[in-house]
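Written out below as structure tokens is the structure these notes cover.
The values are calculated or read from the model by the stated rules, or taken from the named source; none is laboratory data. From a predicted model like this one, the values you see are computed outputs, not experimental measurements. Note: ideal-geometry Cβ built from the backbone for every residue, glycine included; neighbour counts use all protein chains shown.
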Amino acid sequence: MATAQERAAMVAELRLAVQRSTMYTVLLHHATATRAGLNVTDAQALNALSLDGPQTPGGLARLMGITTGGAITAVIDRLEKAGYVRRSRDADDRRRVIIEVVPEALARFGSYFEPVGASFDDRVSAYSDGELAFLRRWIDDTNADMPRVIERVRDLP
């Protein structure tokens with residue numbers, strides 16, 4: 001069992017490792033967006049749609065933390081022009097617009113992440129089932145907390 005000082009040092013080292021991981025994630029998303037001919041905001045909107053499914057422009061704007069007027073419209077316009085998304089009318093409320101990904105274009109975008117998938121597969125092959133379960137719990141807990149953390153950051157002066 002670690003002493004309080006040793007534990008504090010481990011936590012500090014882990015915090016720096018997570019900070020470095022976050023930096024690499026941002027750089028990776030910039031690289032993949034650039035290869036796909038997108039900016040990072042547009043790529044993240046596409047990512048959000050692929051993870052969460054079709055959304056209204058307002059829902060997508062709230063998730064992305066951008067304005068529901070011109071900013072999200074510009075993102076959707078660029079993604080639509082590039083062939084990544086399409087607009088459709090909500091079957092239940094024809095006044096509502098729904099944004100959905102174009103599956104073939106999403107597959108093309110996903111190809112830029114193949115090196116990430118290969119690296120991930122290599123890494124996790126070395127871990128036990130228990131270690132994988134722990135990592136899954138850690139990332140699930142972190143992901144569950146992130147929307148609240150993002151809102152706190154957005155609310156800072």
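Taking every residue in region 91-113 that is at pLDDT below 90 and pairing it with any residue that is hydrophobic (A, V, I, L, M, F, W, C), at least 6 positions away or on another chain, the pairs with Cβ-Cβ distances below 9 Å are 91/98. For region 16-39, a tally of residues being free of Cβ contacts under 8 Å to residues at least 24 places away in the same chain and surrounded by 15 or more Cβ atoms within 10 Å (Cβ to Cβ) returns 2.
Hey, does region 2-9 have a residue that's closer than 29 Å to residue 154 by Cα, touching a residue at least 60 places away in the same chain (Cβ under 8 Å) and among the aliphatic types (A, V, I, L, M)?
As a first pass, look at region 2-9 and keep what is closer than 29 Å to residue 154 by Cα: 8.
Then drop every residue that is not touching a residue at least 60 places away in the same chain (Cβ under 8 Å), which leaves none.
Taking every residue of region 2-9 in turn, none turns out to be closer than 29 Å to residue 154 by Cα, touching a residue at least 60 places away in the same chain (Cβ under 8 Å) and among the aliphatic types (A, V, I, L, M).
Under the condition of being among the hydrophobic types (A, V, I, L, M, F, W, C) and over 24 Å from residue 139 (Cβ atoms), which residue from region 1-46 is modelled with the lowest pLDDT?
Start the filter on region 1-46 by keeping residues that are among the hydrophobic types (A, V, I, L, M, F, W, C), which leaves 1-2, 4, 8-12, 14, 16-18, 23, 26-28, 31, 33, 36, 38, 40, 43, 45-46.
Now narrow it down to the ones that are over 24 Å from residue 139 (Cβ atoms): 1, 4, 36, 38.
On the way: 1: 88, 4: 97, 36: 91, 38: 94.
Only one residue tops the list, namely 1.
One residue is enough: does region 104-115 have a residue meeting the conditions hydroxyl-bearing (Ser, Thr, Tyr), crowded, with 16+ Cβ neighbours inside 10 Å, touching a Lys or Arg at 6+ places or on another chain (Cβ under 6 Å) and not in a strand (DSSP E or B)? Checking region 104-115: at least one residue is hydroxyl-bearing (Ser, Thr, Tyr), crowded, with 16+ Cβ neighbours inside 10 Å, touching a Lys or Arg at 6+ places or on another chain (Cβ under 6 Å) and not in a strand (DSSP E or B). Annotation note: of 125, 119, 88, the sole residue that is closer than 24 Å to residue 25 by Cα and surrounded by 10 or more Cβ atoms within 10 Å (Cβ to Cβ) is 119. Cβ separations smaller than 9 Å between residues 6+ apart or across chains give the following pairs from region 135-155 residues that are in a helix (DSSP H, G or I) and modelled with pLDDT of 95 or more to residues that are of a type in the set (A, V, I, L, M, F, W, C) and surrounded by 10 or more Cβ atoms within 10 Å (Cβ to Cβ): 135/124; 142/18. Evaluating residue 13 against the criteria (1) more than 29 Å from residue 153 (Cβ to Cβ); (2) loosely packed, with under 14 Cβ neighbours inside 10 Å; (3) charged (D, E, K, R) leaves one unmet condition, (1).
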